[in-house]
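Take a look at the structure below.
The values are calculated or read from the model by the stated rules, or taken from the named source; none is laboratory data. The structure presented is a predicted model; accordingly, all values stated were derived computationally and were not measured. Here the Cβ positions follow ideal geometry from the backbone for every residue, glycine too, while neighbour counts run over all protein chains shown. All accessible areas refer to the heavy atoms of the entire protein, side chains included, with ligands and DNA or RNA removed. Shrake-Rupley method; radii C 1.70, N 1.55, O 1.52, S 1.80 Å.
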Amino acid sequence: MTRQLLSSGLLATLLALSACDGEDTTATGGTGGAGGGTGGTTASTETGGTGGTGNTGGTGNTGGTGNTTGGTGGTGGSIDDLAPLSDEFDNGNSISDWHLLHEELGLSAPYTTLDIDFSADGKLTIIPIVSGWFQSEMAVFLYKDITGDFLVETDAAAIMKGTASDPPDQQYNSAGLLIRDPASPLQAQNWLMYNIGYQAAFIGVEGKATVASQSQLILIPTNGANAGRLRMCRIGNTVRMLRRLAGEPGWTETHTFPSTFDQTAPYSLPEAVQVGAIVNAYYVDGVRTEHDYIRFSRVTAQSDCTAD
């Protein structure tokens, strides 16, 4: 009987150890020991021995606790969804990545030359015919579609046609940037412009707001500088226009839409707009323009407008 009890206990232990890690498994208890043997026929009857109590089955091992929280991954750099739209103008084939407004509208080309990395290495070069951005009149516009808040920057130069780098000397011969409402009817244009070049009577920058083809322009001298970095920074319905000329330590905000343009009717920009490069040759086509690049980036705060 003792051997039978030991065998039952051993069986329970083996069953417990075979339980899988991580699972609560209860082994079956051992079978009680058999009763004592039957007494002889001539002897008084013996009471059979009390059956042995079966061993309680062992509790299976509790499975190990797995790692609940994975290691925290490293913080990746933020991805600017607008950066891929930028163009350094060092590959002539990138011209196919841009829209040309006159082609979209089925109009004649307002230039004699428009190329990338051909007339000048690493530049967008445009030689316009007489044309300009004023009221319902339109000129060259090379653009991309942008949605939401953004910053667009260029390094632009307006150069007297036929010279290497002299400033133009004809009114409203300039180069710069433009933001346009794509739903603008031809006779009710809505757009904002910022450029550098010869203005009404001096070399300077021009900020212009046009709503329903009514234009208000504000001109600021640049002490003869006909080239420089220009920015337009949109946050909501506010557009800041900034310049940074050679030798200047930082960005100067010269115009802000709508507050600077107090004679312009109230207007809210749509979420999606056209943004890109423009040139003006309003009365005389005496200019050649060069853009070193156009860069787009996403902004979320006013401080982003002046950050480098």
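Of the residues examined, Ile126 is one that is in contact (Cβ under 8 Å) with a residue 40 or more places away in the chain, closer than 14 Å to Ser174 by Cα and in a strand (DSSP E or B). A single member of Val299, Val239, Val284 is part of a loop (DSSP other than H, G, I, E, B), in contact (Cβ under 8 Å) with a residue 24 or more places away in the chain and either closer than 18 Å to Gly148 by Cα or in contact with a Ser or Thr (Cβ under 8 Å, 6 or more places away or on another chain) (or both), and it is Val299. Each residue in region 167-206 was checked for being without any contact (Cβ under 8 Å) to a residue 60 or more places away in the chain and of a type in the set (D, E, K, R), and 1 of them qualify. Being assigned to a strand (DSSP E or B) and in contact with a helix residue (DSSP H, G or I) (Cβ under 9 Å, 6 or more places away or on another chain) is a description that does not apply to Leu107. Checking each residue in region 112-123 for being under 20 Å from Tyr282 (Cα atoms) and open to solvent by less than 50 Å² (accessible area, probe 1.4 Å) picks out Thr113, Leu114. If you take the residues in region 75-104 that are in contact (Cβ under 8 Å) with a residue 60 or more places away in the chain and part of a helix (DSSP H, G or I), which one is nearest to Lys144 (Cα to Cα)? Once the filter is applied, the top-ranked residue is Leu85.
Considered as a group, the residues in region 91-104 that are touching a strand residue (DSSP E or B) at 6+ places or on another chain (Cβ under 8 Å) and not polar (S, T, N, Q) include one that is surrounded by the most Cβ atoms within 10 Å (Cβ to Cβ), and that residue is Leu101. The selection criterion, being within 29 Å of Met160 (Cα to Cα) and surrounded by fewer than 19 Cβ atoms within 10 Å (Cβ to Cβ), does not hold for Ala188. Scanning region 182-195 for residues that are under 23 Å from Asp262 (Cβ atoms) and touching a strand residue (DSSP E or B) at 6+ places or on another chain (Cβ under 6 Å) gives Gln189, Asn190, Trp191, Leu192, Met193, Tyr194, Asn195. Residues in region 231-281 that are under 25 Å from the mean Cα position of the chain (by Cα) and among the small types (Gly, Ala, Ser) were compared, and the one that is surrounded by the most Cβ atoms within 10 Å (Cβ to Cβ) is Gly276. Taken over region 191-226, the criterion of being part of a loop (DSSP other than H, G, I, E, B) and open to solvent by less than 20 Å² (accessible area, probe 1.4 Å) is satisfied by Gln199, Ser213, Thr222. Condition (residue is open to solvent by less than 10 Å² (accessible area, probe 1.4 Å), within 27 Å of Asp80 (Cβ to Cβ) and out of contact with any Phe, Trp or Tyr (no Cβ under 6 Å at 6 or more places or on another chain)) applied to region 124-141: is it met by at least one residue? Yes, that holds for at least one residue. Taking the numbered list (1) in a strand (DSSP E or B); (2) of a type outside the set (Gly, Ala, Ser); (3) in contact with a helix residue (DSSP H, G or I) (Cβ under 8 Å, 6 or more places away or on another chain) in turn, Met232 passes all entries but (3). Look at (1) under 13 Å from Tyr194 (Cβ atoms); (2) among the basic types (Lys, Arg); (3) open to solvent by 50 Å² or more (accessible area, probe 1.4 Å) and you find that Arg298 fails only one, number (1).
Each row is one residue, and each column tells you yes or no for (1) more than 17 Å from Phe296 (Cβ to Cβ); (2) more than 20 Å from the chain's Cα centre (by Cα); (3) at pLDDT 85 or above.
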| position | (1), (2), (3) |
| --- | --- |
| Gly66 | yes, yes, no |
| Thr69 | yes, yes, no |
| Gly74 | yes, yes, no |
| Ile79 | no, no, yes |
| Pro84 | no, no, yes |
| Gly92 | yes, yes, yes |
| Trp98 | no, no, yes |
| Leu101 | yes, yes, yes |
| Leu105 | yes, yes, yes |
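Which is within 13 Å of Gly224 (Cβ to Cβ) and either open to solvent by less than 10 Å² (accessible area, probe 1.4 Å) or part of a loop (DSSP other than H, G, I, E, B) (or both), of Ala175, Ala158, Ala164, Ala183? The conditions single out Ala158.
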